[in-house]
Amino acid sequence: DTAVSQTPKYLVTQMGNDKSIKCEQNLGHDTMYWYKQDSKKFLKIMFSYNNKELIINETVPNRFSPKSPDKAHLNLHINSLELGDSAVYFCASSQDLLQPQHFGDGTRLSIL
Amino acid sequence: AQKVTQAQTEISVVEKEDVTLDCVYETRDTTYYLFWYKQPPSGELVFLIRRNSFDEQNEISGRYSWNFQKSTSSFNFTITASQVVDSAVYFCARLTGANNLFFGTGTRLTVIP
């Protein structure tokens, strides 16, 4: 049973397109996150949701819009994709903001 | 500043050697949490340990041990008798006052058979 699952695993698309990445956790956690890992492996938080409410919104272009329909899901929608959006995006969840985060396997986004 | 510094970008060791990965953090908070995560070549991120700022006891888990020293703001990670399966990128991270998990730049460990 996958604890934090994100789909798709790979996403190849053209500049200017709109795409979504889905994330689901079956751990019963209250808090979910999105991270971006660039080509140099640097990991940076993008968003954090606690009980479906936005808690953290780092300096991320407003082309990125997270949506949390319920506590178990946090989807990431990206409009007007740009070359610089190419990265691996990780979803994570934790019991609360202080507990260890459990990560999904990542979605590798490649913009052509 | 919320820096987490992992000065070692890459380390290579021969199997069965011990290796220590360094982590130095900056903080103005009195209460904070430190973490280590492992990212093997398959890409997933695996939680290894969480330590809060009030608990300076060193921790050992099998071949892994962690040395937390508040006086030097360091939280170093030692792997004893390294194995090829230990090859990965290891991230040190700190939970900031804003409840962000701020990662260091990672140390790539290669264990040579």
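Exactly one residue among B:L21, B:L48 is under 25 Å from A:Q37 (Cβ atoms) and within 11 Å of chain A (Cβ to nearest Cβ), and that residue is B:L48.
Summed over the stretch B:70-111, the residues that are hydroxyl-bearing (S, T, Y), under 24 Å from B:S42 (Cβ atoms) and touching a Phe, Trp or Tyr at 6+ places or on another chain (Cβ under 7 Å) give a count of 3.
Annotation note: of B:F35, B:F75, the sole residue that is hydrophobic (A, V, I, L, M, F, W, C), touching a residue at least 60 places away in the same chain (Cβ under 8 Å), surrounded by 12 or more Cβ atoms within 10 Å (Cβ to Cβ) and in a strand (DSSP E or B) is B:F35. Here the stretch A:43-90 is the region considered, the condition is being β-branched (V, I, T) and assigned to a loop (DSSP other than H, G, I, E, B), and the residue that is nearest to B:S42 (Cα to Cα) is A:V60. Scanning the stretch B:90-113 for residues that are open to solvent by 10 Å² or more (accessible area, probe 1.4 Å) and closer than 13 Å to B:Q6 by Cβ yields B:F102, B:T105, B:R108.
A single member of A:L109, A:L97 is assigned to a loop (DSSP other than H, G, I, E, B), open to solvent by less than 40 Å² (accessible area, probe 1.4 Å) and either touching a Phe, Trp or Tyr at 6+ places or on another chain (Cβ under 8 Å) or within 22 Å of B:Y90 (Cα to Cα) (or both), and it is A:L97.
Conditions (1) more than 20 Å from B:N100 (Cβ to Cβ); (2) open to solvent by 70 Å² or more (accessible area, probe 1.4 Å); (3) touching a strand residue (DSSP E or B) at 6+ places or on another chain (Cβ under 6 Å), marked per residue:
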site: B:Q8; (1), (2), (3): yes, no, yes
site: B:L21; (1), (2), (3): yes, no, yes
site: B:E44; (1), (2), (3): yes, no, no
site: B:N52; (1), (2), (3): no, no, yes
site: B:I60; (1), (2), (3): yes, yes, no
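Report yes if B:V13 is under 14 Å from the mean Cα position of the chain (by Cα), open to solvent by less than 20 Å² (accessible area, probe 1.4 Å) and on the phi < 0 side of the Ramachandran plot, otherwise no. For B:V13, the condition - under 14 Å from the mean Cα position of the chain (by Cα), open to solvent by less than 20 Å² (accessible area, probe 1.4 Å) and on the phi < 0 side of the Ramachandran plot - is not met.
The values are calculated or read from the model by the stated rules, or taken from the named source; none is laboratory data. Since we're looking at a predicted model, the values are computed, not measured. As a convention, Cβ positions derive from the backbone with ideal geometry for all residues, glycine included, and neighbour counts pool all protein chains shown. We work out accessible area using only protein heavy atoms, side chains counted, and drop any ligands, DNA or RNA first. Shrake-Rupley method; radii C 1.70, N 1.55, O 1.52, S 1.80 Å.
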